[in-house]
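Undergrad: There's a structure below that I have some questions on.
The values are calculated or read from the model by the stated rules, or taken from the named source; none is laboratory data. This is a predicted model, so every value here is computed, not measured. No Cβ is skipped: glycine too gets one built from the backbone with ideal geometry, and neighbour counts run over all protein chains shown. Accessible surface areas use protein heavy atoms only, side chains included; no ligands, DNA or RNA. Shrake-Rupley method; radii C 1.70, N 1.55, O 1.52, S 1.80 Å.
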Amino acid sequence: MSGFQRSAAALAVLFCLLLASCGAPAVKEPVPASPSDISSRVEEKAPPISADEAVKVLVDGEPVSEVFLLKYDWNGESFESEDSLNKIMMAHYALEGSLAPAAGDGSEITFELAASEGIPSSVSLTQSGNTVRANTGLPYDNTEIELTARDDFTYSFTLQYRKLRMYYYQLDCRWENGNTASYVFAVEKYGK
C-alpha cells in the first residue's frame, strides 16, 4: 500500500470514529397506533359522499348502471330535475331498441345505502307501470312497494311484473342527518 492509500484509509477510519463519537440520533421503534386512533383518523379524512353515491341499486346482485337523481337536499345543496320521472324515463327508453336494465320475474332488487350517511329515517319505493311504452293509452299504474329491511343500510324486494313488461321506480330516502334524495330507475322484463 502506498503512503497516499494509507493516509486515505486512516482519514476514513478517523471520519467514522468522529461520527460515532458525536453520537448519531437513536432510532426509535414506531409505536403501533391503537385501533381507536386509526378509526378516528380514517373518519376525519373520509370525504363526504355525494347524493348519487349514497345508494347503490342491484338486480340479483348486479349493479344497475342507469339510476337517475330526481331531486335532493344534500349537505346544504339542493337540486330538483326540471324533468318528471316519466319524462326522464321516456327520454332514455321510449325509442325503439332502447332497453332498460333487464330482470326476470322473481328477481331480487336490493338497495344498499351508504353507512357513512348514518341510519336512514325513512326509505320508500313507488313502482309505476309503464303503460305509455306498452302503447295502452292507460294512465300509469302506481303502487307502493313494501321493502324488506335486511339491516340498517340494506333493503330489498322481489320483482313481480303483473300485467306489464316494464316498470319505473322512485326510491325516496331520508337520513337522520337531514339529507334527502329521490332516485329513479327502470327495469324491463327479459325476452318476450
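Undergrad: Restricting the search to segment 155-192, which residues are of a type in the set (Ser, Thr, Tyr) and either modelled with pLDDT under 90 or open to solvent by 20 Å² or more (accessible area, probe 1.4 Å) (or both)?
TA: 155, 158, 161, 180, 190
Undergrad: Taking residue 150 as meeting all but one of (1) outside any helix (DSSP H, G or I); (2) closer than 18 Å to residue 188 by Cβ, write down the number of the exception.
TA: With (1) outside any helix (DSSP H, G or I); (2) closer than 18 Å to residue 188 by Cβ applied to residue 150, the lone miss is (2).
Undergrad: Now for a separate question. Within the set of pairs 6 or more residues apart or between chains, which connect a residue that is more than 26 Å from residue 97 (Cα to Cα) inside segment 148-169 to a residue that is part of a loop (DSSP other than H, G, I, E, B) and β-branched (Val, Ile, Thr) with Cβ atoms less than 6 Å apart?
TA: Sorted first by the residue in segment 148-169, then by its partner, the pairs are 152/119.
Undergrad: Based on what the data block shows, is residue 98 over 13 Å from residue 183 (Cα atoms) and touching a helix residue (DSSP H, G or I) at 6+ places or on another chain (Cβ under 9 Å)?
TA: yes
Undergrad: Within segment 108-145, work out how many residues are open to solvent by 10 Å² or more (accessible area, probe 1.4 Å), assigned to a loop (DSSP other than H, G, I, E, B) and either modelled with pLDDT under 80 or within 17 Å of residue 186 (Cβ to Cβ) (or both).
TA: Here the count works out to 9.
Undergrad: If you don't mind, another one. Modelled with pLDDT of 85 or more, open to solvent by 70 Å² or more (accessible area, probe 1.4 Å) and over 14 Å from residue 187 (Cβ atoms) - does that describe any residue in segment 25-46?
TA: No, because not a single residue in segment 25-46 is modelled with pLDDT of 85 or more, open to solvent by 70 Å² or more (accessible area, probe 1.4 Å) and over 14 Å from residue 187 (Cβ atoms).
Undergrad: Report the residue count in segment 59-95 for those that are without any contact (Cβ under 8 Å) to a residue 60 or more places away in the chain and exposed (fewer than 15 other Cβ atoms within 10 Å of the Cβ).
TA: Residues in segment 59-95 being without any contact (Cβ under 8 Å) to a residue 60 or more places away in the chain and exposed (fewer than 15 other Cβ atoms within 10 Å of the Cβ): 17 in total.
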